[in-house]
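Please read the structure below before turning to the comments.
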Number of protein chains: 2
Amino acid sequence: MLSLAKRRGFLWPAYDIYGGVAGLYDYGPLGAEMKNNLENYWRQIYLRQEKFLEISCPMLAPKEVFEASGHLKEFTDLVVQCSKCKTSFRADHLAEGLHEHPSTLKRKELWNLLIEHEVCCPDCKGEIEEPVSFNLMFKTAIGAGAAGREGYIRPETAQGMFVNFSTIYRLGREKLPVGAIQIGKSMRNEISPRQGVLRLREFNMMEAELFVHPERKSWPKFAKVADEKIVLLPSGCDSAAEMTLGEAVEKKVIMNEVLAYFVWLTWKLLIDVGLDRSRLRMRQHERTEMAHYATDCWDAEALLGYGWVELVGVADRGCFDVSAHLSHSGAYLTAFDKFDEPKEIELDKVKPNHAKLGPLFKGKSAAVAEALSMLSPDQLPKDGSDLELTISGERISVQAACYQVVRVKEKVSGVKVVPHVIEPSYGVDRILYAILDHAYHKEGDYVRLHLPGKVAPVKIAVLPLVGKDGLDTAAMEIYEELTAIGISCHYDDSGSIGRRYARMDEIGTPFCVTVDYDTLKDDTVTIRDRDSSEQVRIGKERVKSVATRISQDLSFEEVKTGT
Amino acid sequence: MLSLAKRRGFLWPAYDIYGGVAGLYDYGPLGAEMKNNLENYWRQIYLRQEKFLEISCPMLAPKEVFEASGHLKEFTDLVVQCSKCKTSFRADHLAEGLHEHPSTLKRKELWNLLIEHEVCCPDCKGEIEEPVSFNLMFKTAIGAGAAGREGYIRPETAQGMFVNFSTIYRLGREKLPVGAIQIGKSMRNEISPRQGVLRLREFNMMEAELFVHPERKSWPKFAKVADEKIVLLPSGCDSAAEMTLGEAVEKKVIMNEVLAYFVWLTWKLLIDVGLDRSRLRMRQHERTEMAHYATDCWDAEALLGYGWVELVGVADRGCFDVSAHLSHSGAYLTAFDKFDEPKEIELDKVKPNHAKLGPLFKGKSAAVAEALSMLSPDQLPKDGSDLELTISGERISVQAACYQVVRVKEKVSGVKVVPHVIEPSYGVDRILYAILDHAYHKEGDYVRLHLPGKVAPVKIAVLPLVGKDGLDTAAMEIYEELTAIGISCHYDDSGSIGRRYARMDEIGTPFCVTVDYDTLKDDTVTIRDRDSSEQVRIGKERVKSVATRISQDLSFEEVKTGT
C-alpha cells in the first residue's frame, strides 16, 4: 500500500533527496485532494450540522500557554541514550515485551526493569544510560537577542480554543453549550518515530472543543441516536461488544449523554469516510494511560496492518483546561449561568480595600479594584502570597492586605461557572492512512481502492476510446466542462483502455466516462463503475449531474436508474 | 476596521490573556470562513483552471534544505540592540527618513548612517550597538539528545516544491511546463513586527511554482489576455500607468509571456476577490531590493491605510532553486527535453573509472558508477576536491581519480535541462486584510462591507420578522435546509429587524431572507440586498437556488429578474 501511495502520489517520506527525516511526510496531489475532502467533510459536520464555530490560531505560542496547560511539565517521554553511539531511544520502546504496558511505568520503575533484563543499545549493543525526561514540544525563541521570548510549537490545536474561551462564548451569544473547532498542524518532537505515517513529528489535526455547563451533560439530540449500535471496548473488559448508545449511558459505561453523542458522531463519521465497520471499535482509556487532563476518554481505533491504531480521541476533560488558563492568566474565562428569576443568596465576595489600593497603584487603582471584585474567593492565593493579576496585558502583584473576603447577602441574577470541555480530537493523517488501508483490495495483481465518492481524490475520469478521430477533442470538452465547475477529474488518452481503467481503479476513481465512436453519432457515453467494472450507456448531457453528485456518494445503481 | 474585525470575530491579536505576542493573530469564525473561501477560490484557479498539482509538505525541515536554498546565509535582517535596555530593533527601521531605501543598505553603510545621525534607542534613548545579522528563520532541534538534528520552520512553502521537483515532474507525466501549488503556514522571526496583521511572525501563504523550459517562456494562453489592460509600475519609473499585456511583453517591460500571464492572473484574481481596481498596481522590483534568487519580480500592491502594501509577488526565479538543490543533494532534479528525432551530437560526458571504484566501494560500486554517469560535467567540483554524492540517502565522497570527462559522439534522443521557475506567491493574511479594507464603507455610523459573494463569510441570513407566531419555526426550517447543503448561513431573531439587517451589512452578508406573516399565507419571503437595501418578494422554493449561487457572485439584479 505504501509503495502504491508513493508511486501514484498520495504521500511519500519528505526530504528524501537529503536522506529523509523520520516522522515527516509529504502529501502528493492525490493525498492533498483526499486530505481536503476529509477536512471539508468534517467541517461540514461540525461547523454546519453541529453549529460549532471555526477559529484558526497560531502554532507558535509563548511559554505561558504551556505552563498553564501543563504541557511544559507533563508532556514528556522518558528517553535513554546509548553511552557509546549516543543514539536516543524511548525507554518504553526498549521495555516492550518486558511489561504489559511499559508506557504507564514511572521513571524509576522503567529503569529498574531495563537493568533487571540487562537491556542494551539495539543499534550497537552499548551500555544505556539512565532514562531522563524529554519534553516533546519543539522549542524556539520568538524575537531577537536578549529581548527574545521562549516559545513552543503547539502539540495540539486545543489550547488556542481554551485561551479564547471568553471570545468564543461572546461570539456564541453568551450561552452554553458552545463549541469551537480548529483544523491545522501541530508538532511533537518524537524521539524515534516509527510506523511511517502513524507517528509523525508534524501532523494534521481536526479538533472540536465543546464547552458545556459542568452539571448539564445531557444532550437534546442524544434521543435520536440512543438506539444506534456501536462497538465498545470499555476499560477493564477483555473484548469489544456491540451496544446501543442508550444502554451505554444507562449502564454508565459512557459517563454522560454529551460524551456518548460525540462518541457516536465520531463512529458514524469514520464509517462515512470509508472505514470498515468490522475493523473499528471505540476503546475506553484505562485510568493509568489517560492524559493528565482527561476524566474519561474513548479512542476510535481501527485494525490496520500494525494492529489496533488510535485515530480519534473523544474525551471529557472536565474543567481542567479552562480552570488552568483562568488561574494562570487571571482572565475571566467563565460563563454566566442566569437564573430564571433573581434569587437572594448569601455568598463570599472579594472586596477591594480602596484605602490600600490608592497609594499603591495610583492611576491604575480603579482597574485593580475592578479586577479584584470580579474574582471569586477560590481564585485567591491560599498561602497569603501576592495575587498575580493581568490588567491590559500588564502583570501586577497585589498584596493580601489590598482585599478581604466578606460574606454578603445579594440578589443575584445568576452565577459564574467554569465550563467543562468535551473534546473530539481527530488525527487527519492516521485517518487518511486507515481509509487507504481499509479501501485497498488486491485480486491477483489487480488493485482497486474502494474509496467512497466523498473522499476519492479523483471523482471521475474522461477517456477517449482512442486518442484520435475527434474522440480526444470530444472527451477533452467534457473534461474541461467538469473541471470548470470545480470537479476533480482526470483526462487520459495514453495506452489501452483496459490499462487506463486499471490506473483509475488503483487510485479509487469511482467512475470512468468513455467517449467512443457512438458518442460522435448520438451524443452518448459509457459510464463504468469502479467496483463492479460494469458499464452503462447514458446521454452526454447527464455527465455533469452525475459528476457533481459523486461527492455525495452517488451509487452506480443510481446512475443506471437515473435517480 | 480592526475594531470591527475584533468585535465581530474576523480576527484579533492572539494570546491577549497572556499579554499578547506581537506578530501573532487568531482568525475568528468570520475570518476563518473568509480564509477558507479565499483559499478554495485560489485553489479552483490554480488547481482546476491552470492544472497545477497540489502538494502539502512539512513546515519543519532539516538544515540541509536551507543551506541549499541560501536562506541560512541570506535570509537575514540587520538588528541593533540598545546597550542599555537591551531591546532589539531592525536597523533599517531606525534609519527611516535618513535614506530613501534603508533596507537596501549593507551593514557598514547602515551603521555609518546611524552614527552620522546620532541615532539612539527609540525606547530609552540609550546608546545603540553595531548592527548584527540576524537570521529570520525559527530554529529548533529535531529529535532528542546528541543525535538531535538542526531544524528550521520554513519561511516560505516554496522549498517543499523544489526538493520534490523530480516527483512532481514524474507525476506530471514527464513534461514541461509542470506546476505545483501549496497552501499553508510559514514563519519568520521578525525582529519587531509592526502594522498589525501585515507583518506576522506566522502567516498563511498560497504559492505556485511553475517549472518551465529555460528557453521556452512563451505561453499559449497568453494570446487570450494580450489585450487586457493592467496598471504597471516598472522599475525606474515614477508613476504607474495602464498598459496592455501584449504591449508590456513587446516592449520588454515584462520579461516574457509566461511571467506576464501570471502577472495578469494575479491581477484578475485580486479584483475577483474584492480588491478595488483603482487602488491596485503591479510594481516591478528594483534590482537592489530583489531577493537573492529572483531575476525579475512584480509585486501586486494595494493602497491601504498604511500606504502601498505588497500582497503577492510574481517572480521569475530562473534556475536558481532547482540548481541549488541539485548541486547540494546530488539528486537528479532535471527534466528531459526530447528531440523530435534523435540527433548525433558531440558532448562531454562523465565516465566512471571502474578499476578505481571496485576496490573503493565494493558492493556499492555499481550504484556509484551509475550515479557518476548520470552527472553532467558542470556538476563536478572545479577544484579537484572530492565529489559528494547522495545514494539511497547515504552521503558518499568520490575522489577525482574515480572518473574522467571524455568527449564522445552520441546519438541522443534529447538532453537534460534544469528547469526555470516562475513563482506567484500570495500572502493570504494580507490579501484578507486588504479585502476588508477595500470593502469597508461607512456612511455616518452605518457600516457596510461590500464583499463579493465568493469571499463573504456568511452568504445569507434568515430572519423572522418577529421571533414568534410560527415565523421563527418557518425561518428556522429554511435556515436548516440551507445549512444542510453546506451554505454558511445565519439565523437571528433578536432585536428589531432594522438592527438585524445592520448587523448583517456590517459583516458583508450579501442577502437577507425575511420571513413575515405573508410567508405563512403564500409561501413567499423577501430577499434584501446588502448594497442597496432594496427588497424583492420571491417564492420560498427559490431561496435554495439563490443561496447556492451567492458564492458565484449572484447579483441582486439576477435575483429580481429570476435569471
Point to revise | the range B:378-428 - Debye-derived log10 I(q)/I(0), Cα point model, q = 0.20, 0.27 Å⁻¹ | key: -0.96, -1.09
Exercise for review: Would you please calculate the Kirkwood hydrodynamic radius of the range A:405-493 over all C-alpha pairs and express it in Å, rounded to one decimal?
Suggested key: 18.8 Å
Point to revise | Spatially close lysines, pair count over the range A:67-144: Cα under 26 Å, gap of eight or more or interchain | key: 14
Practice item. Would you please calculate the Kirkwood hydrodynamic radius of the range B:159-237 over all C-alpha pairs and express it in Å, rounded to one decimal? Key: 16.3 Å
Practice item. Starting from the amide H of A:Ile391, placed 1.01 Å from N in the peptide plane, find each other amide H under 5 Å away whose residue is 5 or more places distant or on another chain. Key: A:Ile396
**Study point:** For the range B:358-467, the spread of Cα positions along each principal axis, largest first, Å
**Key:** 90, 31, 31
Exercise for review: At 7 Å along the Cα-to-beta-carbon direction for both A:Glu443 and A:Lys86, put a label point, then send me their distance in nm to one decimal.
Suggested key: 5.6 nm
Review point. Using Cα-only point scatterers and the Debye equation, what is log10 of I(q)/I(0) for the range A:22-97 at each q in 0.11, 0.28 Å⁻¹, rounded to two decimals?
Key: -0.66, -1.16
Exercise for review: Could you pull the Cα extents of the range A:346-416 along its three principal axes, largest to smallest, in whole Å?
Suggested key: 32, 26, 24
Check your understanding: Hey, any idea what the orientation-averaged projected area of the convex hull of the range A:281-424's Cα atoms comes to, in nm²?
Key -> 12.7 nm²
Study note, to complete from the structure: In degrees, nearest 10, the alpha-carbon axis of helix A:257-272 is tilted away from the dominant principal axis of the alpha carbons of chain A by 20 degrees
Practice item. Sketch the reach of a paramagnetic label on B:Leu520 as a point 7 Å from Cα along Cα-to-Cβ, and name the residues of the range B:452-473 whose backbone nitrogen lies under 15 Å away. Key: B:464-473
Revision key, fill the gap. Over all pairs of different Cα atoms in the range A:1-131, the reciprocal of the mean inverse distance gives a Kirkwood radius in Å of 19.1 Å
Exercise for review: Determine the gain in length on full extension of the stretch A:Ala146-A:Gln49; use 0.36 nm per residue of separation and subtract their C-alpha separation, reporting nm with one decimal.
Suggested key: 30.0 nm
Point to revise | Centroid-to-centroid separation of the range B:487-526 and the range B:236-300 [C-alpha atoms, Å] | key: 42 Å
Review point. So what's the angle, to the nearest 10 degrees on a 0 to 90 scale, between helix A:320-329 and the longest Cα principal axis of chain A?
Key: 50 degrees
Exercise for review: Convert 20 °C to kelvin, take the viscosity as 1.002 mPa s, use the Kirkwood radius over C-alpha pairs of the range A:73-112 as Rh, and evaluate the Stokes-Einstein diffusion coefficient in µm²/s, rounded to a whole number.
Suggested key: 198 µm²/s
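Whole number please: convex hull volume per residue of the Cα set in the protein assembly as shown, in Å³?
229 Å³
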Check your understanding: For A:Lys224, which lysines qualify as cross-link partners when the Cα separation must be under 25 Å and same-chain residues fewer than eight apart are set aside?
Key -> A:Lys51, A:Lys175, A:Lys251, A:Lys252, A:Lys268, A:Lys454
Review point. Dividing the Cα convex hull volume of the range A:77-149 by residue count, how many Å³ per residue is that?
Key: 117 Å³
Check your understanding: Of all the residues in chain B, which one has the C-beta that comes nearest the axis relating B to A, and what is the distance in Å?
Key -> B:Thr140, 2
Point to revise | Distance histogram for the range B:462-513 (every C-alpha pair counted, 5 angstrom bins, percent rounded to whole numbers) | key: 4, 23, 29, 25, 16, 3
**Study point:** Kirkwood hydrodynamic radius over Cα pairs of chain B, then Stokes diffusion coefficient at 37 °C and 0.692 mPa s, in µm²/s
**Key:** 120 µm²/s
Exercise for review: Convert each backbone phi in the range B:457-462 into a coupling constant with the Karplus relation 6.51 cos²θ - 1.76 cosθ + 1.60 (shift: θ = phi - 60°), then list the ³J(HN,Hα) values in order as whole Hz, x for Gly and Pro.
Suggested key: x, 10, 7, 7, 10, 10
Review point. For the range A:480-563, what number results from the quotient of the Cα radius of gyration and 2.2 N^0.38 Å?
Key: 1.04
Point to revise | Tilt relative to chain B, helix B:428-439 - C-alpha long axis, 0 to 90 degrees, to 10 | key: 30 degrees
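Rank the residues B:His213, A:His438, B:His450 as a footprinting-exposure proxy: fewest other Cβ atoms within 10 Å of their Cβ go first.
By the 10 Å Cβ count, ascending: B:His213, B:His450, A:His438.
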Revision key, fill the gap. Output row for A:His441: copy-to-copy label distances, label 7 Å along Cα→C-beta, ascending, in nanometres, one decimal, is 5.7
Point to revise | the protein assembly as shown, helix-only ellipticity at 222 nm - DSSP H runs n ≥ 4, -39,500 (n - 2.57), divided by all residues, nearest 500 | key: -8500 deg cm²/dmol
Point to revise | Relative frequency of Cα-Cα separations exceeding 22 Å in the range A:230-335, percent | key: 36 percent
Exercise for review: Kindly give the distances from B:Gln399 to its copy-mates, label point to label point, with each label point 7 Å from Cα along Cα→Cβ, as nm values to one decimal ordered shortest first.
Suggested key: 8.0
Study note, to complete from the structure: Contour minus Cα-Cα span, A:Thr295 to A:Asp272, at 0.36 nm per residue, comes to 5.4 nm
Review point. How would you rank B:Glu67, A:Glu209, B:Glu96, going from fewest to most other Cβ atoms within 10 Å of each one's own Cβ?
Key: B:Glu96, B:Glu67, A:Glu209
**Study point:** Chain lengthening between A:Ala355 and A:Val405 when straightened (0.36 nm per residue, less Cα-Cα)
**Key:** 16.4 nm
Revision key, fill the gap. Listed with the fewest Cβ neighbours within 10 Å leading, B:Cys512, B:Cys82, A:Cys319 appear as A:Cys319, B:Cys82, B:Cys512
Review point. Once phi is turned into ³J(HN,Hα) by the Karplus curve 6.51 cos²θ - 1.76 cosθ + 1.60 with θ = phi - 60°, what whole-Hz value does each residue of the range A:142-159 show in order, with x for glycine and proline?
Key: 9, x, 9, x, 5, 7, x, 10, 5, x, 9, 7, 4, x, 7, 7, 4, 4
Check your understanding: ³J(HN,Hα) across the range B:242-249 via Karplus (A = 6.51, B = -1.76, C = 1.60, θ = phi - 60°), whole Hz, x for Gly/Pro?
Key -> 6, 7, 7, 5, x, 4, 4, 6
**Study point:** Label spacing, shortest first and in nm, from A:Asp469 to its equivalents in the remaining copies (7 angstrom along Cα→Cβ)
**Key:** 6.9
Study note, to complete from the structure: Which residues qualify? For B:Val462, with a placed amide H closer than 5 Å and at least 5 residues away or on another chain, they are B:His490, B:Tyr491, B:Asp492, B:Val513
Review point. Which far-off residues, 5 or more places away or on another chain, put their amide H under 5 Å from the one on A:Glu156, with H placed in the peptide plane?
Key: A:Met187
Review point. Which order, highest average first, do B:461-473, A:231-243 follow once you tally other Cβ atoms within 10 Å for each residue and take the mean per peptide?
Key: B:461-473, A:231-243
Exercise for review: Obtain the nm distance between the two label points defined at B:Glu118 and A:Ile538 by a simple spin-label model: each point lies 7 Å from its Cα along the Cα-to-C-beta direction.
Suggested key: 8.2 nm
Revision key, fill the gap. The computed P(r) of the range A:283-367 puts the percent of Cα pairs beyond 15 Å at 77 percent
Check your understanding: Quick one: if you stick a label point 7 Å off each Cα along the C-beta vector at A:Thr561 and B:Phe339, how many nm between them?
Key -> 6.2 nm
Revision key, fill the gap. Links exceeding 30 Å between C-alpha atoms in this model, out of A:Lys468/B:Lys221; B:Lys221/B:Lys416; A:Lys35/A:Lys442; A:Lys221/B:Lys544; A:Lys6/B:Lys349, come to A:Lys6/B:Lys349
Practice item. Treating only the Cβ atoms of Lys and Arg (+1) and Asp and Glu (-1) as charged, compute the dipole magnitude of chain B about its Cα centre; round to the nearest 20 debye. Key: 1280 debye
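Computed from the coordinates by the stated procedures, all read-outs in this text should not be read as laboratory data. Computed from a prediction, not measured in an experiment: that's the story for all the values here. Positions of Cβ are backbone-derived with ideal geometry, glycine not excepted, and every protein chain shown enters the neighbour counts.
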